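Student: One structure, pasted below without further comment.
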Amino acid sequence: MKRKPVIAIDGPAGSGKSTIAKLAASSLGLHYIDTGAMYRAVTLKALREGTDRKNEAALTGLAARTVIRFEYGERFTVLLDGEDVTEKIRLPEVSKASSDIADSRGVREALVKKQQEMGAAGGVIMDGRDIGSVVFPDAEVKIYLDASVEERARRRFIELAEKGIKTSLPQVKQDIEERDSRDMNRPFGALVKVKDSVAVDTTGLDIAQVAERITGIIKEKL
């Protein structure tokens, strides 16, 4: 039986992948899988258990025994071992530690396996850094979402301010630039624009404009 389509959306931090993927999934009747939330969930668990982030074996074991589920109701909910951690995984300390967790080969292999299982039957939109290159290289539609560093920093700064998290725009820009460098230079699971993906620059566009463009690309491809 032919699977339903898999939509892969990749791109750097702050490019709007999660927001747009959620809107497109709702519009097209597909399930949304937030792979970044999965890494954050494992990070939260590692912090709670005091796991050494340099201990590869411990991290690999932790990721393998972690149960992550998504619920689609009035709001998108991330469940970590049955607990709603949708807000907790966005805390600054989790964000800061998540890069170390994502650098673990064992963690990435464990979560890529979980992601492939979640999307095996298709009918999903999955966003991240390596969806079109590693997780689902045979995805029916691949999109690379991007925006200027300045635009991405501005969006993230506003998002943090709305959550009551105090920082500065220059600091947010520096954090994003450092994250870009780390994501693009990982020895495995690096951020990359694959040849058969459609590039969309969201600089200067609002959410509605980007969502319309993305859903249009998906409908055309399918």
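Bear in mind these aren't lab numbers, they're just calculated from the coordinates by the rules spelled out. Because the structure is predicted, anything quoted here is derived from the model rather than measured. We place every Cβ from the backbone using ideal geometry, glycine too, and count neighbours over all the protein chains shown.
Student: Ranked highest first by average number of other Cβ atoms within 10 Å, how do 161-167, 4-10 line up?
Tutor: 4-10, 161-167
Student: Please give the contour-minus-distance gain from residue 201 to residue 222: 0.36 nm per residue of separation, less the Cα-Cα distance, rounded to one decimal in nm.
Tutor: Stretched fully, the residue 201-residue 222 segment lengthens by 5.4 nm.
Student: Something else now. Taking the Cα centre as origin and putting +1 on Lys and Arg beta-carbons and -1 on Asp and Glu beta-carbons, what dipole magnitude results for region 35-121, to the nearest 20 debye?
Tutor: 180 debye
Student: Okay, moving on. Please go through region 119-215 and write out the chymotrypsin sites (Phe, Trp or Tyr not before Pro) that DSSP classes as loop and that have at most 13 other C-beta atoms within 10 Å.
Tutor: Passing sites in region 119-215 are 188.
Student: As a quick test, which of the pairs 113/221; 113/142; 88/193; 45/142; 45/193; 4/45 have an alpha carbon distance above 28 angstrom in this structure?
Tutor: Violating the 28 Å Cα-Cα cut-off are 88/193; 45/142; 45/193; 4/45.
Student: To the nearest 500 deg cm²/dmol, what mean residue ellipticity at 222 nm is calculated for the chain from DSSP H runs of n ≥ 4 alone, each contributing -39,500 (n - 2.57), summed and divided by the residues?
Tutor: Values: 8 runs with 106 residues, N = 222.
Per the formula, -15000 deg cm²/dmol.
Student: If you don't mind, another one. How big is the dipole moment of the chain about its Cα centre under a simple scheme where the beta carbon of each Lys and Arg is +1, that of each Asp and Glu is -1, and everything else is neutral? Debye, nearest 20, please. Walk me through the numbers before you get to the answer.
Tutor: Values: 37 positive and 35 negative charges, 51 e Å.
About 240 debye.
Student: Note down the Stokes-Einstein diffusion coefficient of the chain in µm²/s, whole number, using a Kirkwood radius over alpha carbon pairs, 10 °C, and 1.306 mPa s.
Tutor: In µm²/s, the coefficient rounds to 90.
Student: Past the 18 angstrom mark, what percentage of all C-alpha to C-alpha distances in region 1-61 do you count?
Tutor: 52 percent
Student: I've got another one for you. Quickly work out the residue 87-to-residue 182 label distance, labels modelled 7 Å from Cα along the C-beta direction, and quote it in nm with one decimal.
Tutor: Result for the modelled spin labels: 2.6 nm.
Student: Placing +1 on the Cβ of each Lys and Arg and -1 on the Cβ of each Asp and Glu in the chain, which of 126, 204, 20 has its Cα farthest towards the positive end of the resulting dipole?
Tutor: Of 126, 204, 20, it is 126.
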